[in-house]
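First up is the structure itself, then whatever we jot down about it.
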Amino acid sequence: MKRDDTLWKSILEEIFDDFLFFFFPDADKLFDLTKGFEYLDKELEQLFPPEQNEYATRYVDKLVKVFTLTGSEQWILIHIEIQGYNDKHFAQRMFTYFYRIFDKYNKPITAFAIFTEENKQFKPNVFEQEFLGTRLRYEFNIYKVIDQSEEELSKSNNPFAQVILTVLAAIKSKGLEEEEVFNIKLELTQRLLSKNIPKNKIRAIMNFLRYYIHFENPEMNLKFDKEIDEITQNKKTMGIEEFLLDRAEKKGIEKGRIEVVKSLLKNTDFDDDRIASLIGISLESVKKIKSEI
């Protein structure tokens, strides 16, 4: 869950302008995109301290300050539900976000809930309360990934559509053999590289794709990397050079981790589980390194 949190927070900041155009095709007539955006994560955390309970429902929350063409400040709240089960209090939670943010900043707010789980029936979009003649109704925008058309998303040149395609593929690949997941991931990559997307955004989406759809077997990651190398050997694609450089940096980090594991195995009496926990790698990886030494 923490991995997905980080991936979502990162990709939203990398391509937030595309997020706006995805939901508002005339975004350039609504917002002053030249002024950029301000991400108010710290302010949001002050209003909603993170849960200490590791089993609590997890969300990705982004509060973004944008500017309209009139020069006024507005707020866009993006609330992404990434837990795989129904939350009967979700709509109330959205309302709680709304009134706390409005109370603190007194700014107009539009809110989005993007559902990335697989239950097609879970689509809360309104919170209502009524008592003795007093009535409250709060509605917010929702986007259900599993309901989207893969064909329509594939036609889009909007980078955010490629992100949604990745999430949709991750949902549909649950329960499949890793070889099938590999083919899905490779097809997404080829489709992405065929789009006319700026290189910095290709790099961001490639990283999202690589880690959002992950393999249990580390060797499949190596196979995927090799396939990417072959695809790009004779094809000059904008942005892929940066992706490969980023991957090379991560390989260097991974090599350092291996050396630390070897040192712990040789010089301490820590068991495999503890070493895996300390270094942040899988137990199988520790056992593999152990067998090699």
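The values are calculated or read from the model by the stated rules, or taken from the named source; none is laboratory data. Keep in mind it's a predicted model, so treat the numbers as computed, not measured. Quick reminder, even Gly has a Cβ in these numbers, built from the backbone with ideal geometry, and neighbours come from all protein chains shown.
Remarks
- Single match in K104, K123 (criterion: in a helix (DSSP H, G or I), surrounded by fewer than 16 Cβ atoms within 10 Å (Cβ to Cβ), modelled with pLDDT under 90 and not aliphatic (A, V, I, L, M)): K104
- For region 208-222, the tally of residues that are in contact with a Phe, Trp or Tyr (Cβ under 7 Å, 6 or more places away or on another chain) and touching a residue at least 40 places away in the same chain (Cβ under 8 Å) stands at 1.
- Residue check, A27 at pLDDT 85 or above and among the small types (G, A, S): yes
Residues checked against (1) in a helix (DSSP H, G or I); (2) at pLDDT 85 or above; (3) of a type outside the set (A, V, I, L, M):
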residue	(1), (2), (3)
R3	yes, no, yes
N53	no, no, yes
D61	no, no, yes
V66	no, yes, no
T70	no, no, yes
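- Index of the failed condition, G280 passing every other in (1) at pLDDT below 75; (2) surrounded by 16 or more Cβ atoms within 10 Å (Cβ to Cβ); (3) under 18 Å from L7 (Cα atoms); (4) not charged (D, E, K, R): (2)
- Residue within region 130-139 that is hydrophobic (A, V, I, L, M, F, W, C) and either in the same structural domain as K199 (by TED's automatic domain parsing) or surrounded by 13 or more Cβ atoms within 10 Å (Cβ to Cβ) (or both) present: no
- Residues in region 158-204 that are without any contact (Cβ under 8 Å) to a residue 12 or more places away in the chain and among the polar types (S, T, N, Q): N183, S194.
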